[in-house]
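Read the figures in this text as sums done on the coordinates, not as results from a lab. Quick caveat, the model's predicted, so the values are computed rather than measured. Glycine also receives a Cβ, built like all others from the backbone with ideal geometry; neighbour counts cover every protein chain displayed.
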Amino acid sequence: MLGPVILAASRSDKMRRFISAAPGTKQVVDRFIAGESVDQVVPVIEDAAAKGLEVTLDVVGEDITTPEQAAAARDAYLELIGRLEELGLGARAEMSVKLSMFGQALEGGHELALANVRPVVEAAAAIGTTVTLDAEDHTTLDSMFTIHEELRKDFPQTGCVIQSYLFRTEADARRLAAEGSRVRLVKGAYKEPASVAYQSKPEIDKAYVRILKTLMQGEGYPMIGSHDPRLIAIGQELARQAGRKLDEYEFQMLYGIRSEEHVRLAAEGHRMRVYTAYGTDWYGYFMRRLAEKPANLLFFGRSVLTK
Ligand code: FDA
């Protein structure tokens, strides 16, 4: 019930101003956001590496409104990649990007987003790592998949995300698996209408299993993006059935969520990557984390009221 209301609020400027200014917000945001700057995220990457974890870094931000902001997003990623190179952390850290932050929704946005993301993918490749294109709401996906295909011509390691709640995803998974892509499968975090997406958890979970089977049996590199213990166990079993070795797929979870499970899977010999978001424009990312688990809202409410 609450999830869709929170997701609607995630697109409201009034709510953005209210929540950003509320006392106590920062304490809750800090659970999900690893820092505000490159300097603050570096120790987090080093700590992850010490625990045998890998990371994918997301400079938070989305739905920008000017080409200058899109260029600034590109520059923020280039700065990050520069720092990773200096520190020799390139092999441990990948990048995750949202094309809306690179200008996708502006006029001529498809070309603009491609022009802004290409130098980031190029710089990542130069330090031995790669970029994954996050999946946003369903209206953006044709453009995202076309950009993914375009980037893969020069950088075949470029990854993309697919969402099991969308009806279209089984067909997308078959195509991507045959092409040998790196694909992160998630359930999906946006508010989508019943005309394009499953609305119930059992249907979304069943679709997740069907799609994961396709990815595991295909030619690509599956990235299992979920904290759901049942899906993680099914993922392990599907990998075994497909004859995949431990380095032929990976698990991914979000920073701040089920952290003990990150370490447990890594200790079992799995490749475990923590999606680590940082930056100042955290509102949309934070609201999706609240919507995923409405109990977080209670924690948030308590934190605001006790300040
Ligand atoms: P589910 O929601 O069933 O959660 C399983 C358990 O995990 C819960 O019972 C709870 O214990 C814990 N949990 C999950 N979310 C929590 C939260 N917010 N706070 C506290 N505990 C929580 N989506 C998208 O649309 N596009 C994208 O590009 C991405 N990218 C992405 C990357 C990675 C690495 C992950 C793990 C997830 C995404 N997502 C995403 C988000 C994804 O679509 C989904 O909303 C969340 O992962 C929650 O779904 P679960 O599969 O974890 O299952």
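Some points to look at:
- Tensor-based shape of the stretch 49-281 (alpha-carbon gyration tensor, a/c under 1.5 rounded, otherwise prolate or oblate): oblate
- Separation in nanometres of the label points that stand 7 Å from Cα toward Cβ, at ASP75 and GLU237: 5.2
- Unsatisfied cross-links (Cα-Cα over 30 Å) in the set LYS26/LYS245; LYS14/LYS51; LYS14/LYS187; LYS26/LYS191; LYS191/LYS213; LYS26/LYS206: LYS26/LYS245; LYS14/LYS51; LYS26/LYS206
- Judged by the mean number of other Cβ atoms found within 10 Å, the most tightly packed of the peptides 225-235, 73-83, 258-268 leads the ranking 73-83, 225-235, 258-268.
- FRET efficiency for the pair ARG210 and GLN40, taken as 1/(1 + (r/R0)^6) with r the Cβ-Cβ distance and R0 = 35 Å, rounds to 0.30.
- Exposure proxy shown here: for SER12, SER195, the number of other Cβ atoms within 10 Å sets the order, fewest to most, as SER195, SER12.
- Phi to ³J(HN,Hα) by Karplus 6.51 cos²θ - 1.76 cosθ + 1.60 over the stretch 235-247, Hz, x for Gly, Pro: x, 4, 5, 5, 5, 4, 4, 7, x, 7, 7, 4, 9
- Partners for LYS98 among aspartates and glutamates (Cα-Cα distance below 12 Å; same-chain residues under 8 apart left out): ASP58, GLU62, ASP63, ASP134, GLU136, ASP137
- Ascending count of other beta-carbon atoms within 10 Å, so fewest first, for VAL55, VAL60: VAL60, VAL55
- Over the chain, dividing the summed -39,500 (n - 2.57) contributions of all DSSP H runs of at least 4 residues by the number of residues returns a 222 nm mean residue ellipticity of -16500 deg cm²/dmol.
- Only beta bridges with both residues in the chain are counted; by DSSP, about 5 percent of them are antiparallel.
- For the stretch 93-176, the square roots of the Cα gyration tensor eigenvalues, ordered a ≥ b ≥ c, give a/c of at least 1.5 with a/b no greater than b/c, which places it in the oblate category.
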